[in-house]
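Engineer: Let me begin by handing over the structure; questions about it come next.
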Amino acid sequence: MSKLGNLGARLHRGEISYDFVGKRKIWYGVSILITITAIVGLAVRGLNMGIDFQGGAVFTTPKTSVSVTQAEEFAQNAAGHDAVVQKLGSGGLRIQIAGMDTQKSDQVKTVLAKDFKVDAESINADLVGPSWGETIANKAWEGLAIFMVLVVIYLAIAFEWRMAIAALVALIHDITITTGIYALVGFEVTPGTIIGLLTILGYSLYDTVVVFDSLKEQTKDITKQTRFTYRDIANQSINGTLVRSVNTTVVALLPVAGLLFIGGGFLGAGTLNDISLSLFVGLAAGAYSSIFIATPLVADLKEREPQMKALRKRVMAKRAQSSTEEETAASRPDPADEPEDATPAGVGLRNQPASRNRGRGRPSGKRR
């Protein structure tokens, strides 16, 4: 068995463990700090909404020798808005101008044809009206809200309402961090971004449900024993599923990292950035929240119940009693360590055989 597999087996059996729940305040603090940074990024920089949400035009040119930098300058001068230019495999350019009035498309198209020294009819123009983009944005928010409501209802029925609340907090945590990273990095938000966001919420929910299912199974008849508190069992559930969650996340992150860093970075396929960044950040945040946020939060909520408080008192009392008994046993002297009783003075002399004193005072020599 590999070292990682051996580690996972020992974690599952409870032979070794890390106190995730006991150090929950550290994880809460880290999450709050990251969330505040994401909110500040959203407030200061805002999201770079794509053409599908703002409206505008997309111009596709035939093969040309004009560079991407020159094309951006030409498009900005022609439309009066910032432009995003991408090099196509055919040698042409894709010029995307968001926020532009679609009625000016013919005028912009004519200017671009003159700058690129091509026929205006060879430039293809796709127009997106602002009302259509607004409709897409509203539908995206509606879909996200419906998804959240269904998740809470399902978890409340399958598990309990405390786990539903913890999972909802974890999902909001993941969404906030992902959108904050988008604002700080400045990547364009497109329908692909929304698809990626909904996808990572599914991954995050999967990791959380795996831990919750283990926790639910191990806490059956928990009040009938006095060895473990609810927090102890919650910590065992995290450790028991830790390697599984890490393996699932790493396997999912590897192809996404290839799309983001190789496809979007080295190959320059900018259209991959919108979905790959949301997947990469969201998968990492989802794995983090399922381990460090959701389960510790369930333990905090659960131990507010009177039954769990009473159980914790009994467990703590039994542990204190066991500790006292161990200290008492340790303070008692071990009979095996005591020295053997010394021989009383004079005993050796009194027990000497009488024959040893025979012949004393008699002259030596042969008997006549």
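Engineer: Quick one: check the C-alpha center-to-center distance for segment 158-218 versus segment 63-115, whole angstrom.
Structural biologist: Going from one Cα centre to the other spans 38 Å.
Engineer: Between residue 185 and residue 68, what length in nm is gained on full extension when 0.36 nm per residue of separation is reduced by their alpha carbon distance? Can you show the working numbers first?
Structural biologist: Numbers: separation 117, 0.36 × 117 = 42.12 nm, distance 2.08 nm.
Taking 0.36 nm per residue and subtracting the Cα distance, the gain is 40.0 nm.
Engineer: Run the numbers on segment 152-209 and let me know its relative contact order in percent, using alpha-carbon pairs under 8 Å that are six or more apart. Write down the numbers at each step before the final one.
Structural biologist: Numbers: 23 pairs, mean separation 17.1, N = 58.
30 percent.
Engineer: While we're looking at this one, here's another question. Could you calculate the contour length gain from residue 257 to residue 45, that is, 0.36 nm times the residue separation minus the distance between their Cα atoms, to one decimal place in nm? Each step should come with its number before you reach the end.
Structural biologist: Values: separation 212, 0.36 × 212 = 76.32 nm, distance 2.50 nm.
Difference between extended and current length: 73.8 nm.
Engineer: May I pose another question? How about residue 109: which lysines have a C-alpha closer than 22 Å to its C-alpha, ignoring those fewer than 8 places off in the same chain?
Structural biologist: Reachable lysines: 63, 87, 117.
Engineer: Let me ask another. How large, in percent, is the carbon and sulfur part of the accessible surface of segment 128-201 at a probe radius of 1.4 Å? The partial results should precede the final answer.
Structural biologist: Working: 2680 of 3480 Å².
The nonpolar share, carbon plus sulfur, comes to 77 percent.
Engineer: Compute the FRET efficiency between residue 223 and residue 103 as 1/(1 + (r/R0)^6), taking r as their Cβ-Cβ distance and R0 = 56 Å, and round to the nearest 0.05.
Structural biologist: 0.20
Engineer: Sticking with this one: Taking a cut-off of 20 Å between Cα atoms, list the lysines near residue 220, but don't count ones fewer than 8 places away on the same chain.
Structural biologist: Of all the lysines, those that pass the test against residue 220 - Cα under 20 Å, at least 8 places apart if same chain - are 302, 309, 313.
The values are calculated or read from the model by the stated rules, or taken from the named source; none is laboratory data. Bear in mind that the values here come from a model prediction, so they are computed numbers and not experimental data. Cβ atoms come from the backbone with ideal geometry, glycine included; neighbour counts cover every protein chain shown. The protein model used for the area step is the full one, side chains on, heavy atoms only, and it has no ligands, DNA or RNA in it. Shrake-Rupley method; radii C 1.70, N 1.55, O 1.52, S 1.80 Å.
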